[in-house]
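*Asks:* What follows is a structure written as structure tokens; I'll ask about it next.
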2 protein chains.
Amino acid sequence: MLILNVWPEIDGGIFPVKREIGDRVGVWADVVREGHGVLQAVLKHRHETEARWSEVPMTLENPGLDRWRGEFTVERLGFHRYTIEAWEDAVATWQEGIRRKREAGLDVTADLEDRPPVERVDVTALGRELEVLVEPVRARFAAWYEMFPRSVGAFRDCEARLADIAAMGFDVVYLPPIHPIGRVNRKGRGNAPVAGPGDPGSPWAIADHMAVHPELGTMDDFDRFVRAAGELGLQVALDLAVQCAPDHVWVQQHPDWFHRRPDGTIRCAENPPKRYEDVYPLKLDGNRPLWEELLRVVLFWIGHGVRAFRVDNPHTKPLAFWAWLIREVKRRHPDVVFLAEAFTRPRLLEALAKLGFSQSYTYFTWRNTKAELSEYLSELTRPPLSEFLRGNLFANTPDILTPYLQEGGRPAFRVRLVLAATLSPLYGIYSGFELCENMAVPGTEEYLHSEKYEYRPRDWEAPGNIRADVARINAIRRQNPALQEYDNLRFLPADGEHILFYGKATPDGSNVILVAVNLDPHAAHETTVHVPVADLGLAEDEAYTVRDLLTDAAYAWRGSANYVRLDPAHQVAHVLRLER
Amino acid sequence: MLILNVWPEIDGGIFPVKREIGDRVGVWADVVREGHGVLQAVLKHRHETEARWSEVPMTLENPGLDRWRGEFTVERLGFHRYTIEAWEDAVATWQEGIRRKREAGLDVTADLEDRPPVERVDVTALGRELEVLVEPVRARFAAWYEMFPRSVGAFRDCEARLADIAAMGFDVVYLPPIHPIGRVNRKGRGNAPVAGPGDPGSPWAIADHMAVHPELGTMDDFDRFVRAAGELGLQVALDLAVQCAPDHVWVQQHPDWFHRRPDGTIRCAENPPKRYEDVYPLKLDGNRPLWEELLRVVLFWIGHGVRAFRVDNPHTKPLAFWAWLIREVKRRHPDVVFLAEAFTRPRLLEALAKLGFSQSYTYFTWRNTKAELSEYLSELTRPPLSEFLRGNLFANTPDILTPYLQEGGRPAFRVRLVLAATLSPLYGIYSGFELCENMAVPGTEEYLHSEKYEYRPRDWEAPGNIRADVARINAIRRQNPALQEYDNLRFLPADGEHILFYGKATPDGSNVILVAVNLDPHAAHETTVHVPVADLGLAEDEAYTVRDLLTDAAYAWRGSANYVRLDPAHQVAHVLRLER
């Protein structure tokens, strides 16, 4: 007997698949055995802390293809295991033989005396245990907002800002490093090699991973900030940057953690020809004391109420370190979420997800056309990727102001907002997006007057802001479960190249959202969109209503082909709910 | 560092891929490592009997996708192993950093002093050894002919028959069991429950696996038959049927090898409601003495010059037994080929191929329409199946006379001949096919007067025979290397549903065969076929000649779209060679 083609299984089972609490985990396998016997198969599963397996019978879903299926529900965070066993049911085989002989009118007297024993014998085991990493629902469904608190003031000054972010409907407020910033080789405004007297420096030039920058306040102030956020329904995410300013406390305490040149100086971070003089990389390879110290850092902030980490450039640190760190943290605090800033090659981005990161940045930022978006988002939201990678679609970051946003004005921001917020249940914006800030260093994707190197106070009520759009789309997400699922995205036909049309539905079909977005921020376009009426249980020429949740307008549609016109000066998208 | 997505690799490496001697084995893998270092990877390989690995450097074929490739040639039969190792080349990384800095006009003095050591350090190994089963070329390219020698006479009477089979261009002559046939419960003509006085019985009711039926002659006669075949360029394949007549020698010697009912009688073979009273199944599960005895049987016939075995109903015997038997035989005689009569469900058919069978019977017999043939043969001849399964396309067997052949007359036989012989480099016919024998037991696929239960002498010169077609197509196969490859089949567009159009080419494009077959044996059809001119290095409107190797007619074609008409009364197919 062979148990083959198990699904889900990532790379022969060396990596876990991911699910969220309460999910049902469907497991398929081909159980192949010689002869004509009746088989039985069970799906065995347990939380990794449980000694005993639970058993669920599997069903022969496709006899011709020997395809079996079982499922279990994950009701506890952390690492679950599952495996499969199968055997020939000798009694059922005997009964089936007698049944078929009786049907053919044959004598079964001798067979009736030949009854086999009922024990399970010759059980064939899959021979390996597969894993599911069970995470909180917000690992899959959350709107992130990135802010530099220092542009607002100290933590104590941020409470109004938190209220505003909560009012816009965000779930997570993500802070770049809040630690003391090094003074040695500090960068000036616009990434100047030398800092001016009032320049605050880059928050990523960290001088102490376990302290709060004095200008932001005390640890108590931070705790109060986390509490205030919590009362508003916001979780606080911290940046985890595994690197040091030249005057970091570890440089003195652990000189062997840094790479020294033959002349005794410490090598700064570089990606030739770029050099980051304000940052020293750490020697992580096989450096277990440093791994333990970094685990201590993460646990320290978890102790202060942090439940999410956005990890800076994880693809430049050893993969084995992340696998270890995340498992160590998850075993203690399985509700903690890690977001990988994995702007790197696809296989490395995917490897980080496989090794345990809950979420990943993606190339969404640079996918603008209809073909690019439909191809890339299909890949992201379907197996195998959807089994282990959750793409968090940031519309901008402090490092990325795309040409599309630079050139497309306010409609471009509205387009990218709707796309990010409806293509994935995970998305984010970096503050200023809602003000349609679009001034870049010419020829680059860097912000002009980048907040990475200077304070950037803002007028949140500035004309042209799209805060109402943001609040609306976040409210729509919360009210429509179809938008809270990751792997239910389906691109639908729409004639022409400008209007992207897609749908998301709950498995039971009770909530169906259809989205049409005009990708051209400069001109109105019209098209015929094609609704998959048969799949939605509608007759080919049936009349139905779609309600635009952005405007509350209702449209009378009929059958598959329907007309859509979107003028970016007024409305860049329809987010339509099917009303039956 | 991670080494992922290795290809070829079947089910996580638990099964070997198959190649033929002299083949190059291309191996791909994603080598994923953090950071910006320069990597090196090697493909390591060795015959399983060699202690030392040979190393071949791998090439970064697709840097954006971290895809590496290497290849080695297999020049020895049997089981080869391969695996992969990768590491960061510290010196190359250092050189690349200096190069990029110099390009940017930066000072590299400090870097030049910082030269790393040249040893391979931190080598990451794949961690498992994958296998290639290397078989002789005839495991992939051979025309099989099945005959019941008893219908001709004794072995000594068969020499003229062998000459005729060789003259038709066959490579293998396959004989149903040649052993003594049991007398107890012997079947009569037409599978009658009781044999008449002159009825020879079914050859599969074997009374002694290590003897020749006296009516066929002595072991010496068999040896002479094998030699005579060899002198004609024919290999002899024997049937291996793991079952016994009730009066088999083992029934007395090893009563515990058989399944006894509570009343002490031995249970006969059955697949309810069918019963095979002339056959006892053997208890193979965990019965190592029987396994050893069956190995002895196989080695005995190998000792008598047999180099191929057609295994009867392998899917009703334990998979573990076949895996063991084939490996034991291959380790001693790696040139021996096993053909699985695996007429069972697809996953079980595939499992037998994975476990080591060189070739398999397929569902080709029952695929008649254009859609059926193109879908099924595409699946068979492409990865993953093509990596481990070689389909031997039998056009008929003693058990299978399809309705298509029963009803389509001589043209139907010619159609199926061309399809079998050109869709796969492995095909076969059972004797009588060339005489277009098409009389069936009504409502079944069984031959009327089945040779399984009676002698069937034939007039090989009977009118309407297609022996010349058979000889011609076999000669075409030998002269055209494109028809000797398994995984180069490509279906090409042809308008309408009747004419199937496909091509096969050698990798270097020096031999290109295009085949058009009218699948309708009853009527002439015409169509436009579409030649992939760009892929063949032809200009869109270039003129070229295609020569029909069946008739020697030459046609002047131009560009992609060309006209074909096939009248089954005259010619059912074109087998065209592209002439430049």
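The values are calculated or read from the model by the stated rules, or taken from the named source; none is laboratory data. In this text the structure is predicted, and so the values were computed from the model without any measurement. Backbone-built Cβ (ideal geometry, glycine too); neighbour counts: all protein chains shown. To get the accessible areas, we keep the full protein, side chains included, count just its heavy atoms, and leave off ligands, DNA and RNA. Shrake-Rupley method; radii C 1.70, N 1.55, O 1.52, S 1.80 Å.
*Asks:* Go through (1) within 23 Å of B:ASN518 (Cβ to Cβ); (2) without any contact (Cβ under 8 Å) to a residue 40 or more places away in the chain and name the single condition B:LEU380 misses.
*Replies:* Only one criterion in (1) within 23 Å of B:ASN518 (Cβ to Cβ); (2) without any contact (Cβ under 8 Å) to a residue 40 or more places away in the chain is unmet by B:LEU380, namely (2).
*Asks:* So, in region A:21-53, exactly how many residues are in a strand (DSSP E or B) and within 14 Å of another protein chain (Cβ to nearest Cβ)?
*Replies:* Result for region A:21-53: 7.
*Asks:* Which condition does A:VAL56 not pass, out of (1) touching a Ser or Thr at 6+ places or on another chain (Cβ under 9 Å); (2) away from chain B (no Cβ under 14 Å); (3) of a type in the set (A, V, I, L, M, F, W, C), if it passes all the others?
*Replies:* Failed condition: (1).
*Asks:* Please go through region A:281-310 and give me each residue that is among the hydrophobic types (A, V, I, L, M, F, W, C), closer than 20 Å to A:LEU238 by Cα and within 14 Å of chain B (Cβ to nearest Cβ), ordered by number.
*Replies:* Once the filter is applied, which keeps residues that are among the hydrophobic types (A, V, I, L, M, F, W, C), closer than 20 Å to A:LEU238 by Cα and within 14 Å of chain B (Cβ to nearest Cβ), region A:281-310 yields only A:LEU282.
*Asks:* Within region B:544-562, identify whether any single residue is polar (S, T, N, Q), more than 24 Å from B:THR369 (Cα to Cα) and not in a loop (DSSP other than H, G, I, E, B), and answer yes or no.
*Replies:* Within region B:544-562, one or more residues are polar (S, T, N, Q), more than 24 Å from B:THR369 (Cα to Cα) and not in a loop (DSSP other than H, G, I, E, B).
*Asks:* I'm trying to understand the selection: among the residues of region A:197-234, which are touching a Gly at 6+ places or on another chain (Cβ under 9 Å) and more than 15 Å from A:LYS452 (Cβ to Cβ)?
*Replies:* Within region A:197-234, A:ALA207, A:GLU215, A:LEU216, A:PHE222, A:ASP223, A:ARG224, A:PHE225, A:VAL226, A:ARG227, A:ALA229, A:GLY230 meet the criteria.
*Asks:* Further question: Would you check if B:ASP208 is assigned to a helix (DSSP H, G or I) and free of Cβ contacts under 8 Å to residues at least 60 places away in the same chain?
*Replies:* no
*Asks:* Could you tell me which of the residues B:ILE14, B:ILE3 is open to solvent by less than 40 Å² (accessible area, probe 1.4 Å) and closer than 30 Å to A:PHE321 by Cα?
*Replies:* B:ILE3
*Asks:* I need the full set of residues from region B:384-410 which are free of Cβ contacts under 8 Å to residues at least 40 places away in the same chain, within 12 Å of B:SER431 (Cα to Cα) and not aliphatic (A, V, I, L, M), in order please.
*Replies:* Correct list: B:ASN396 only.
*Asks:* Any residue in region B:281-292 that's open to solvent by 20 Å² or more (accessible area, probe 1.4 Å): show its pairings with residues that are small (Gly, Ala, Ser) at Cβ separation under 6 Å, as long as the two are six or more apart or on different chains.
*Replies:* Pairs that qualify, where the first residue is open to solvent by 20 Å² or more (accessible area, probe 1.4 Å) and the partner is small (Gly, Ala, Ser), are B:PRO281/B:ALA269.
*Asks:* Are any of the residues in region B:75-97 modelled with pLDDT under 95, within 8 Å of chain A (Cβ to nearest Cβ) and either over 17 Å from B:LYS44 (Cβ atoms) or surrounded by 14 or more Cβ atoms within 10 Å (Cβ to Cβ) (or both)?
*Replies:* yes
*Asks:* For region B:293-341, which positions are in a helix (DSSP H, G or I) and polar (S, T, N, Q)?
*Replies:* Of everything in region B:293-341, just one residue is in a helix (DSSP H, G or I) and polar (S, T, N, Q), namely B:THR316.
*Asks:* When you scan region A:12-20, do you find a residue that is assigned to a helix (DSSP H, G or I) and either within 14 Å of another protein chain (Cβ to nearest Cβ) or under 25 Å from A:GLU75 (Cβ atoms) (or both), even just one?
*Replies:* yes
*Asks:* Now for a different question. Mind listing whichever residues of region B:311-340 are open to solvent by less than 10 Å² (accessible area, probe 1.4 Å) and either charged (D, E, K, R) or within 13 Å of chain A (Cβ to nearest Cβ) (or both)?
*Replies:* B:VAL311, B:PRO314, B:LEU319, B:PHE321, B:TRP322, B:LYS330, B:ALA340
*Asks:* If you don't mind, another one. Is it the case that some residue within region A:75-90 is within 30 Å of B:LYS274 (Cβ to Cβ) and polar (S, T, N, Q)?
*Replies:* Looking for residues that are within 30 Å of B:LYS274 (Cβ to Cβ) and polar (S, T, N, Q), one finds none in region A:75-90, hence no.
*Asks:* Condition first: within 21 Å of B:THR344 (Cβ to Cβ), at the interface with chain B (Cβ under 10 Å from one of its Cβ atoms) and surrounded by fewer than 17 Cβ atoms within 10 Å (Cβ to Cβ). Can you find one or more residues in region A:64-72 that meet it?
*Replies:* yes
*Asks:* Being charged (D, E, K, R), open to solvent by 20 Å² or more (accessible area, probe 1.4 Å) and within 28 Å of the chain's Cα centre (by Cα) is the filter here, so list the residues in region A:508-552 that pass it.
*Replies:* Hits for region A:508-552 are A:ASP508, A:ASP520, A:ASP535.
*Asks:* Identify, by number, the condition in (1) outside any loop (DSSP other than H, G, I, E, B); (2) within 23 Å of B:ARG472 (Cα to Cα) that B:GLU407 doesn't meet.
*Replies:* (2)
*Asks:* How many residues are of a type in the set (Lys, Arg) and touching a strand residue (DSSP E or B) at 6+ places or on another chain (Cβ under 8 Å) if we restrict to region B:137-180?
*Replies:* 2
*Asks:* Continuing with the same structure: Across region A:256-280, what is the number of residues that are more than 12 Å from chain B (Cβ to nearest Cβ), in contact with a strand residue (DSSP E or B) (Cβ under 8 Å, 6 or more places away or on another chain) and either free of Cβ contacts under 8 Å to residues at least 24 places away in the same chain or open to solvent by less than 30 Å² (accessible area, probe 1.4 Å) (or both)?
*Replies:* 3
*Asks:* Which residues, counting only those in region B:98-150, are closer than 27 Å to B:ALA41 by Cβ, at the interface with another protein chain (Cβ under 10 Å from one of its Cβ atoms) and open to solvent by less than 30 Å² (accessible area, probe 1.4 Å)?
*Replies:* Within region B:98-150, B:ILE98, B:LYS101, B:ASP111, B:ASP114 qualify.
*Asks:* While we're looking at this one, here's another question. Counting just the residues of region A:21-43 that are of a type in the set (D, E, K, R) and surrounded by fewer than 21 Cβ atoms within 10 Å (Cβ to Cβ), which one comes out farthest from A:ALA92 (Cα to Cα)?
*Replies:* Ranking the qualifying residues of region A:21-43, first place goes to A:ASP23.
*Asks:* Can you find a residue that is out of contact with any helix residue (DSSP H, G or I) (no Cβ under 8 Å at 6 or more places or on another chain) and within 30 Å of B:LEU112 (Cα to Cα) anywhere in region B:8-31?
*Replies:* Looking for residues that are out of contact with any helix residue (DSSP H, G or I) (no Cβ under 8 Å at 6 or more places or on another chain) and within 30 Å of B:LEU112 (Cα to Cα), one finds at least one in region B:8-31, hence yes.
*Asks:* (1) in contact (Cβ under 8 Å) with a residue 12 or more places away in the chain; (2) of a type outside the set (A, V, I, L, M); (3) more than 14 Å from every other protein chain (Cβ to nearest Cβ): which one isn't true of B:ARG367, the others all being true?
*Replies:* (1)
*Asks:* Could we say that A:GLU372 is within 14 Å of another protein chain (Cβ to nearest Cβ), open to solvent by 20 Å² or more (accessible area, probe 1.4 Å), within 30 Å of A:ALA494 (Cα to Cα) and not in a loop (DSSP other than H, G, I, E, B) here?
*Replies:* no
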